[in-house]
1. Return the FRET efficiency for the residue pair residue 324, residue 66: r is the Cβ-Cβ distance, R0 is 45 Å, and the value is rounded to the nearest 0.05.
2. For residue 30, give me every one of the aspartates and glutamates with a C-alpha distance below 18 angstrom, ignoring sequence neighbours fewer than eight places off in its own chain.
3. Distances over 16 Å make up what percent of all Cα-Cα pairs in the range 55-134?
4. Hey, can you rank 196-205, 58-67 by average C-beta count inside 10 Å, highest first?
5. In nm, give the distance between the simple-model label positions of residue 131 and residue 32, each being 7 Å from the Cα along the Cα-to-Cβ direction.
6. As an exercise, identify the trypsin sites (Lys or Arg not before Pro) in the range 84-135 lying in DSSP coil whose Cβ has no more than 10 other Cβ atoms within 10 Å.
7. Determine, for each peptide in 146-152, 421-427, the mean count of other beta carbons within 10 angstrom over its residues, then list the peptides with the highest first.
8. Going Cα to Cα from residue 100, which lysines come in below 24 Å? Please leave out same-chain ones fewer than 8 positions away.
Amino acid sequence: MTTFVDRVELHVAAGNGGHGCASVHREKFKPLGGPDGGNGGRGGDVILVVDQDVTTLLDYHHHPHRKATNGQPGAGDNREGKNGKDLVLPVPDGTVVLDKNGEVLADLVGQGTTFVAGQGGRGGLGNAALASARRKAPGFALLGEPGEARDIVLELKTVADVALVGYPSAGKSSLISVLSAAKPKIADYPFTTLVPNLGVVTAGSTVYTIADVPGLIPGASQGKGLGLEFLRHVERCEVLVHVLDTATLESHRDPLSDLDVIEEELAQYGGLENRPRVVVLNKVDIPDGKDLADMIRPDLEERGYRVFEVSAVAHQGLKELSYALADIVARARAARPVQEATRIVIRPKAVDDAGFTITQEGEGFFRVRGEKPERWVRQTDFNNDEAVGYLADRLNRLGVEAALLKAGAKAMDGVAIGPEDNAVVFDWEPTMAAGAEMLGRRGEDHRFDAPRPAATRRRDRDAERDEATEEYEGFRPF
């Protein structure tokens, strides 16, 4: 059964915002109580947090679908809906978050580092919040926004100072077990190590971590064997340690060819050219291993490598190796740039930024894109005519109708608000009118000819009152 997973595809969905409430206050002796619908609650976020106690992505491998809770809808008497609870997902230190196209979204290093993988939807406004001097008693409320849903990829890159690389059964696991308190599985057959092992080494005043990367073989950078699955764990290390087996029983192998093969695989993977290298000749406690180490050491030093002869079984040469690695790690840490506090960058909106764009897609069809128009459309209940009218007013105030007229749109042209896969399409009927089309003959304005219900009712009441008065005055008692 798999106990270690360092790459998973995670499907996250934030909580939806709660709908606003359309309600009118009802109380005895208060016939005009006014609107009292509360706002909907905010949907919960999906947040990734680095936790030092988590070392694998196994839990997300078994349960790849994660969803935060939704916000509750508002209620009457100005009661707001409860916010959805954020879903916090602990991840190991060194987790990289990527989108489906492989673009890095976040690199989570350090205890407590967070990343919002899914933003919760906003709650809809109730009719109490929508009331204004012009609209004293709205008969509608805004809908809650849907939460953000997307697929992300989590990759774990081990945060270690030293990486032990080499052929299977070269003695890497044995070496890390004697240098640190790590207890990896050790055997004399290939691919004993199926997961990266991490140990902590103390050498004088320097404390550093050392990782045992599973064995590499020819073709690992192209996916052969286990190497490709774990080469990413080498990327964060400050120094690479080649562990060479000087007592191998395979006749076609020797330490120098093993070194060349591993270096070729590291070069094919890329990004590791500038890392310092150290060569460890292991198993020198065996007579044949000691003789071979003495033979190849001059060639390795001629190539520029620092060479250490050790025996993990006999505990030979371990102290010199641990202190040499500590010195390299200390110098690498001192050379790192000083971490500066994150600068807050304020990017004000441009003066000519209308907040939306309009593009013509074919004859008589236009598309509106922008954060505000698309959000307003998502929050509109299209089964309520008053809500649709409110949306039209908001778009008009934002300047969408004026921009459509400028772009050449005509009445009954198709207009889509939103992306192609999720847009609201309607036949455009301009609600704004200004200029010569509003004028008739000089001194006349045909707008006064439009029916006015209030004036009509008032004239009808006056006519009825006049008729009743005439009947009363014409009445003569006997």
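1. 0.50
2. 77
3. Tail fraction, whole percent: 67.
4. On the way: 196-205: 17.2, 58-67: 14.3.
Per-residue mean Cβ counts within 10 Å order the peptides as 196-205, 58-67.
5. 1.1 nm
6. Values: sites: 85, 100, 122, 134, 135; in loops: 85, 100, 122, 134, 135.
Those that pass, being in a loop and sparsely packed, are 100, 134.
7. 146-152, 421-427
8. 67, 157, 224
Every number here is computed from the coordinates shown, using simple stated rules; none is lab data. None of the values given here were measured: they were computed from a predicted structure. Quick reminder, even Gly has a Cβ in these numbers, built from the backbone with ideal geometry, and neighbours come from all protein chains shown.
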